[in-house]
Each structure stands twice: as C-alpha cells, then as structure tokens.
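So the structure is just underneath, and the comments pick up after that.
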Amino acid sequence: LFEKMSRPELTGHASLFYNAKEARKYDSSSRMVGIQREITERAIELLKLPEGRPSFVLDVGCGSGLSGQVLEEHGHVWVGCDVSRDMLDMANERIERKREAANGNESDDDDSDDSDMDDENNGEENGNRKQWKEEPSPGDLLHHDMGTGLPFRPASFDACISISALQWLCYS
C-alpha cells in the first residue's frame, strides 16, 4: 500500500526518475500543474518583487517549466536549471511553442522598428495592473545539478525560487 504512494525522491537521483515518460506525465497532470501554479504564485507574493517592472528570477529545479510559465505571466524574466534533461526538454518545448506563437502574431510589415524593445511599449495599462502583450518566452534553460552548487556570480538575479525540488537534496 505505501509503495504506491512512495515519494519519488526516495527512489534515487532525480535525473534517473524523471525520464521522458515521467516528465511528460508530470507536465500533463492537472493536479501537478495546479500545485505548481499555486506554490509559484505564493512564492512570487512572498518575494515582494517590485511591480511594474520585470525581475530576473532563477528557478532552481525548474523541471518542465511550469513555474517559469507563471513567472512569465507576471512579466518576469527567468533562467531555469534542472538535473533532468527530459524535464528540460519539456520546458524547452513550452518555450518554443510560445516563441512560435509570438512569431505567428508578428506583423509582416517591414517598417516596424526596435521600439518594441522599450519597456513602455511592451504592455498596456489596464487599471493599476500592466497587461503584457504576447512575446517570445523570456525564459532560458540550463542543464545543471543544484547539488553541486550553482554556476552564477552573487547578485546575478533579483530573486530565486525552487518549487518542488529542494527535497531531492535530502534524499538523493
């Protein structure tokens, strides 16, 4: 009975557990998607990031990019690292779909300039909250084991989150 409910981190290293099949199952589970969204929303709230401007956020153990998607919805730029190449493949698929959708929404007119790079032109005011236009994903990915330390200089990021990943350090 308890083996069916066992915690995946008790089975071994995350890179072995989250193979292609498990990564796809994780990413398509409405339960996991909901939990990831709820916890990421709470993490953003706790971080008290400045409103009205994007923050640069590190997502340690980003998995399939579910938390990165929430960060994007809040207008933030993120870098995710994960030990599982299969989970990163799922995250990369998500990023590529968003880039393709953004490219499909671009105008074919050649007289557009670089003004879309200006922060003031990236969103439209809607009450007190800025609504961001569809853009290519501001996320990036890195294959890295958080257990070996992180390869970034101090103060490279405005904030850091780790949703459903730190427990792997205790058991792997």
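Listed values, structure above:
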{"item": "Out of 37, 31, sole residue that is open to solvent by 40 Å² or more (accessible area, probe 1.4 Å) and within 14 Å of residue 163 (Cβ to Cβ)", "result": "37"}
{"item": "Any strands (runs of 3 or more DSSP E) falling wholly within region 63-172 and containing at least 2 residues that are within 28 Å of residue 26 (Cα to Cα) and at pLDDT 85 or above", "result": "77-82, 139-143, 159-161"}
{"item": "Residues of region 52-97 that turn out to be more than 24 Å from residue 155 (Cα to Cα) and β-branched (Val, Ile, Thr), as a count", "result": "1"}
{"item": "Failed condition for residue 50, given (1) without any contact (Cβ under 8 Å) to a residue 12 or more places away in the chain; (2) assigned to a helix (DSSP H, G or I); (3) of a type outside the set (A, V, I, L, M)", "result": "(2)"}
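The values are calculated or read from the model by the stated rules, or taken from the named source; none is laboratory data. Because the structure is predicted, anything quoted here is derived from the model rather than measured. Here the Cβ is made from the backbone with ideal geometry for all residues, glycine too, and neighbour counts use every protein chain on show. Note: accessible area is taken over every heavy atom of the protein model, side chains too, but ligands, DNA and RNA are not part of it. Shrake-Rupley method; radii C 1.70, N 1.55, O 1.52, S 1.80 Å.
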